[in-house]
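Please treat every number below as a calculation from the coordinates, not as lab data. Note that the structure is a prediction, hence the values are computed from the model and not measured. Backbone-built Cβ (ideal geometry, glycine too); neighbour counts: all protein chains shown.
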Amino acid sequence: MKKIGVIGDKDSVLCFKAAGFTVFITEDGTEAENIIKKAEADGFAVIFITEHLLKEITDTADRFKSNPNLSIIPIPGRNGSLGIGMAAIKKSVEKAVGADILK
Amino acid sequence: MPQKQVTPTRMELTRLKKRLMTARRGHKLLKDKRDELMKIFLDTVREDKALRKRIEERMQLLHSGFNLAAAVTSREIMEEALVYPKSEGELSVSYKNVMSVVVPEYSYEVKTNGGESPYGYGFAFTSGELDNAVGELYDMLPDLMRLAEVEKQSQMLADEIEKTRRRVNALEYIMIPGFEENIKAIIMKLDENDRGNTTRLMKVKDMMIEEQRKQNNMR
């Protein structure tokens with residue numbers, strides 16, 4: 001059985017505890033990075049991370065883009081969306097098609 | 001574009017022709033693959049976009065719901081309710097093959113250990129607002145899992161499309177023209193040799209006829 005992790009600041013992610021997700025409370029990019037690096041070995045298949053935190057570790061997160069065993073999904077934090085998730089979609093469209101055709 | 005030197009032999013020619021045929025077939029197949037991938041990708045990414053938009057909106061509601069709950073009861077009680085008799089979730093992952101790209105599929109189930117309520121905590125100290133917020137979260141779970149699926153799928157497909165496109169272009173603009181040019185060069189060289197041979201034979205024939213004639217005259 002795989003697990004689902006959530007990384008973010010306390011107010012944004014604590015509520016996911018109620019759904020049985022494994023919650024990591026941190027506001028520090030390096031710590032989040034370490035969690036993600038170990039995540040696959042620790043039996044996580046999905047990691048939700050607040051956009052706020054993801055912003056600091058895009059390089060690490062990008063490395064898992066083509067790994068089918070671990071999905072890193074940005075979610076908006078308590079203070080609302082930063083548009084990073086949408087930007088990522090736009091980026092993959094540009095990568096595949098050559099231009100953003102889904103305006 | 002000048003190609004590297006090829007030996008103008010018939011063997012080389014047949015070899016090159018075979019490679020050209022394979023390259024053409026590969027090119028056609030890869031092109032079909034690219035088109036199909038693109039079709040699937042666009043569907044996926046459209047769903048991804050819509051789903052993400054919806055989730056971002058609902059997430060906002062969710063957070064305000066939890067804030068409300070925190071305002072009604074004390075923060076400590078709420079956190080305790082969420083943390084202590086913890087619910088456990090089980091995520092099963094299966095893999096699906098989309099045009100030879102292996103993508104994960106998730107299904108998630110929450111199991112609560114607390115017997116008295118479906119939410120895994122007692123009702124005694126917590127408020128109705130918290131129940132609402134947690135209910136909202138449960139409602140959102142299928143969408144969240146689906147989001148994870150399509151997001152991963154669109155990322156992986158984008159990767160694969162890029163790779164396939166590169167292969168198609170390499171075949172179309174480098175490999176196939178290269179083979180064609182080499183084949184042409186060999187054919188030209190062989191034809192030239194042939195013509196040289198024919199003229200030589202004609203010349204020899206003429207010389208032999210001349211010889212014969214001289215012998216006939218002498219007799």
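Calculated [222 nm] ellipticity per residue, helices only, for chain B: -26500 deg cm²/dmol; basis is -39500 (n - 2.57) per DSSP H run with n ≥ 4, divided by all residues, nearest 500.
Relative to the longest principal axis of the Cα atoms of chain A, the long axis of helix A:29-39 makes an angle of roughly 80 degrees.
Mind running the shape call on the range A:1-45? Use the C-alpha gyration tensor, a ≥ b ≥ c as the square roots of the eigenvalues: rounded below 1.5 for a/c, prolate if a/b tops b/c, oblate otherwise. List each step's numbers first, then the result.
Working: a/c = 3.88, a/b = 1.06, b/c = 3.65.
Oblate.
Max-minus-min Cα coordinates of chain B on each principal axis give 139, 28, 23 Å, with the largest extent listed first.
Pick from B:ARG195, B:ARG54, B:ARG15: which residue has the top mean-square fluctuation in a GNM of chain B where Cα pairs under 10 Å get a spring? So, out of B:ARG195, B:ARG54, B:ARG15, the one fluctuating most is B:ARG195. Between helix B:128-170 and chain B, what is the angle of the helix's C-alpha long axis to the longest principal axis, kept within 0 to 90° and rounded to the nearest 10? Result, in degrees: 10.
D for the protein assembly as shown, whole µm²/s, Stokes-Einstein with Kirkwood Rh over alpha-carbon pairs at 20 °C and 1.002 mPa s: what number?
Values: Rh = 24.2 Å.
Using the Kirkwood radius from Cα pairs, D works out to 89 µm²/s.
Charged neighbours of A:HIS52, selected by a Cβ distance under 10 Å, balance to -2 (K, R count +1; D, E count -1). Separation of the range B:1-60 from the range B:159-182 is 9 Å, based on Cα centroids. The alpha carbon gyration tensor of the range B:38-99 gives principal lengths a ≥ b ≥ c with a/c of 1.5 or higher and a/b no greater than b/c, which makes the shape oblate. Per-residue 3J(HN,Hα) values for the range A:60-77, derived from phi via the Karplus relation 6.51 cos²θ - 1.76 cosθ + 1.60 with θ = phi - 60°, read 5, 5, 5, 5, 8, 4, 9, 9, x, 8, 9, 9, 10, 10, x, 10, x, x Hz in sequence order (x marks Gly and Pro).
Each residue of the range B:51-60 is assigned a 3J(HN,Hα), and the resulting list reads 5, 5, 4, 5, 5, 4, 5, 5, 4, 4 Hz, derived from the Karplus form 6.51 cos²θ - 1.76 cosθ + 1.60 (θ = phi - 60°), x at Gly and Pro.
What's the average, rounded to a whole number, of partner chain beta-carbon atoms within 10 Å of each residue's beta-carbon in A:86-99? Mind dumping the intermediate values first?
On the way: counts 5, 0, 5, 12, 2, 2, 13, 8, 1, 7, 16, 8, 3, 0.
Taking the mean over all residues of the peptide, I get 6.
Computed per residue of chain A from DSSP H runs no shorter than four, each worth -39500 (n - 2.57), the mean residue ellipticity at 222 nm is -10000 deg cm²/dmol. Once both axes come from the Cα atoms, what is the angle between helix A:84-97 and the longest principal axis of chain A, in degrees from 0 to 90, rounded to 10? Relative to chain A, helix A:84-97 is tipped by roughly 40 degrees.
For B:ILE187, the shell of other residues with beta-carbons less than 13 Å away shows a net charge of -1, using +1 for Lys and Arg and -1 for Asp and Glu. Here the 3J(HN,Hα) profile of the range A:7-22, calculated from phi with Karplus coefficients 6.51, -1.76 and 1.60 at θ = phi - 60°, is 10, x, 6, 3, 5, 7, 10, 4, 4, 5, 4, 5, 9, x, 6, 8 Hz, Gly and Pro shown as x. Please say if the range A:20-95 is rounded, prolate or oblate, where rounded means a/c under 1.5 for a ≥ b ≥ c the square roots of the C-alpha gyration tensor eigenvalues, and otherwise the choice is prolate for a/b larger than b/c and oblate otherwise? Judged from the Cα gyration tensor, the range A:20-95 comes out oblate (a/c at least 1.5, b/c at or above a/b).
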